[in-house]
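Shown next, in structure tokens, is the structure this report addresses.
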Amino acid sequence: MKEIKITDQTGRLDKVLPGLLPEYSRSQLQKLIAAENIKVNGQVTKPKYKVEPGDVVTFDEPEIQTLEVEPENIPLDIYYEDEDVIVVNKPQGMVVHPAPGHPDHTLVNALLYHSPLSTINGTYRPGIVHRIDKDTSGLLMVAKNDQAHRSLAHQLKEKTNIREYIALVHGRIKPDKGTINAPIGRSKKDRKKQAIIAEGRPAVTHFEVLKRYQHYTLVKCILETGRTHQIRVHMKYIDHPLAGDPLYGPRKTLPGAGQFLHAQKLGFKHPRTGELLTFEAPLPTNFQQTLEFLDKTDKLQ
């Protein structure tokens, strides 16, 4: 059991707790409050309870479920590894972690065969601090122990890490750079999609134009936040959906195995040493070949 004494924090319990327990999301903490794992001054309370200095929050950490995900001998493209972290270059088409209906052949299955992972995320997402979509390629940081996981999760929350993506989008973007600041939440019309909605979570994407074609633009996207499908939703919001995107893009698009989106650059402070580590992964072959095709057929005159 953890015991946390409130010193100068005030406000709703479910809004104060993420700062005290950064390894858990707000929704996870709300569920833990509802399950009576979290109490204030020994009493069961609600998420909207207003905490005050002097309150004592007790936290019974939920038991980690027995890991049922099967390790699989799947090759990994590892860019860096030590006793705390792994940086891996995920290929397009690979799901990051198991889910109902997709129990195997994921990055987590491959990682478990390779190494022990942190237990904070429980059964299906051991070691996974952040995700990228199945059809997005590129760099991910993975925690091998709980201490590393907490550190990396805290860096994500505080927006101190580096995450840069390369995207190919429809249309010619006129400004050389810009910022998209629009809240994202689950679409009310289609549960498979995310959308820009007023009550969504804050989401900020910065972009820079790298190259313009007649009908497409190659951009670098820098994430300030990490919402589900953030780049895909934000680029559609400014009328430049990702090429190849089956969910948010137009039907007539470039052929491929999904959206042309690659997590090219990743940086974070090492959870043990504090050293800033940065990594870059080149565009996958199919992405590079598509750009070469556009150079020949869609070059800006």
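Bear in mind that the values in this text are calculations on the coordinates, not laboratory data. Just so it is clear, the model here is predicted, and its values are computed rather than measured. Heads up, the Cβs are rebuilt from the backbone with ideal geometry, glycines too, and the neighbour counts pull from every protein chain shown.
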| What percent of all Cα-Cα pairs in segment 177-301 falls in each 10 Å bin, counting up from 0? | 11, 37, 33, 16, 2, 0
| message | Here is the link list: K90/K220; K134/K265; K5/K159; K189/K211. Which ones come out longer than 24 Å on Cα distance? | response | K5/K159; K189/K211
| message | Taking the beta-carbon count within 10 Å as an exposure proxy, list E164, E224, E3, E61 from fewest neighbours to most. | response | E3, E61, E224, E164
| query | Stokes-Einstein at 10 °C, 1.306 mPa s, Kirkwood radius from Cα pairs: D for segment 2-59 in µm² s⁻¹? | reply | 145 µm²/s
| message | Give me Rg/Rg_expected for segment 78-158, where Rg uses Cα atoms only and Rg_expected = 2.2 N^0.38 Å with N residues. | response | 1.01
| field | Rg(Cα) / (2.2 N^0.38 Å) computed for the chain, rounded to two decimals | value | 1.08
| Can you pull out the trypsin sites (Lys or Arg not before Pro) in segment 205-301 that DSSP calls coil and that have at most 16 other Cβ atoms within 10 Å? | R251, K252, R272
| message | Need the C-alpha centroid separation for segment 201-276 versus segment 70-84, integer Å. | response | 25 Å
| query | How do S27, S187, S151 line up, fewest other C-beta atoms within 10 Å first? | reply | S27, S187, S151
| How high is the relative contact order of the chain, in percent, with contacts defined as C-alpha pairs under 8 Å that are six or more residues apart? | 14 percent
